[in-house]
1. Go over the candidates I83, I59 one by one and state the one that is modelled with pLDDT of 70 or more and assigned to a loop (DSSP other than H, G, I, E, B).
2. Can you run down the residue pairs with Cβ atoms below 6 Å, 6 or more apart or on separate chains, where the first is in segment 36-52 and without any contact (Cβ under 8 Å) to a residue 60 or more places away in the chain and the partner is part of a loop (DSSP other than H, G, I, E, B) and surrounded by fewer than 14 Cβ atoms within 10 Å (Cβ to Cβ)?
3. Could you identify the single residue in V253, V225 that is surrounded by 10 or more Cβ atoms within 10 Å (Cβ to Cβ) and at pLDDT 80 or above?
4. Any chance segment 64-75 includes a residue that's closer than 28 Å to L118 by Cα, of a type in the set (A, V, I, L, M) and surrounded by 13 or more Cβ atoms within 10 Å (Cβ to Cβ)?
5. The conditions are (1) aliphatic (A, V, I, L, M); (2) over 40 Å from the mean Cα position of the chain (by Cα); (3) at pLDDT 85 or above, and I233 fails exactly one of them. Which is it?
Amino acid sequence: MRSFTFGSSRNCVENLFARNSGPCPQCGKILWKKGFWEQIFDDPVVEKENHIRKKLGKIYNLKRMDFPTLRDFNNYLERIETIVMNLTYNIDVEETEAEVNRFKSENSELIERNKRKLDEDQIWIFQMLEEEQKRKKYVVEGAGKKELPEKVTSSDKAKAIIDELRESDLPAEVILDRQRKRQIEAELAEKEEAVKRKKSKMEAQQKRLDTASFALIRISGAPFVYRGPELPINGPSLPKPEDLSRMGYLQHVLQISGSRYAGGFTPETCCMRALFDSRIDLFLF
């Protein structure tokens, strides 16, 4: 795996690795200039994990149809997550890289075949893009058909003016001045109509955006209203989670670290589970 850098600007990389490779200023490991990239995420660990997932995605690209059972496919996905975590946090790096290389060599034909084959999500995206191109083409063709009668009408107007000049007894200045007034009024009306069409188009586009959905089938119905689950335990009633600390239930519960709090796991979670298991179905006896 290529080395990951954090806080190195483009100029720093150019100066440190003028010969395309050089030792790391901190650990002395030989690094390659092509192994650096611009950081996107603030957290360097997240940046490193994202980079590793992109690289592994080119190797571990097997689909569900490549496995005999769903369990084998799920085990394959779980193994990918283990490899990502090992490489992200530098756990058994050499063994993990050897496993990746072994998998790549053993499944080279299958990997190359899947690179040329689109999955269901990619097929859906291409279908949506194709439909959008068809809609744009339809709009352009419709606009071209509208412009054609306008050109014909303009030539008809010029012919009508020439006929009027030839047959009328009025001075040419009067006829041309009258025609200019008609043309100015028509242009003003056309501009006003164009503004109305543009406004109507923007309103329709905004309405489509407000009601847009990427779901294949739009399900209509009543809005969702959350209702807490009712758990008939057939035993003594449980205290509320917010009262556990005040009632002393959390005194003998292991405190949770900050990283687990970020995942939504709290001491009340395991305490409520233990209380639920201890009281369920006590009234059966």
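The values are calculated or read from the model by the stated rules, or taken from the named source; none is laboratory data. Remember, predicted model here, so these are calculated numbers, not experimental data. Here the Cβ is made from the backbone with ideal geometry for all residues, glycine too, and neighbour counts use every protein chain on show.
1. After ruling out the rest, the residue left standing is I59.
2. Final answer for the pair search is P44/F6; E47/F41.
3. Numbers: V225 fails: surrounded by 10 or more Cβ atoms within 10 Å (Cβ to Cβ).
Selected residue: V253, the only one of V253, V225 that is surrounded by 10 or more Cβ atoms within 10 Å (Cβ to Cβ) and at pLDDT 80 or above.
4. Of the residues in segment 64-75, the ones closer than 28 Å to L118 by Cα are 64-75.
This time we only want the ones that are of a type in the set (A, V, I, L, M), so: 65, 70.
Next, only the ones that are surrounded by 13 or more Cβ atoms within 10 Å (Cβ to Cβ) stay: none.
No.
5. All conditions pass for I233, except number (3).
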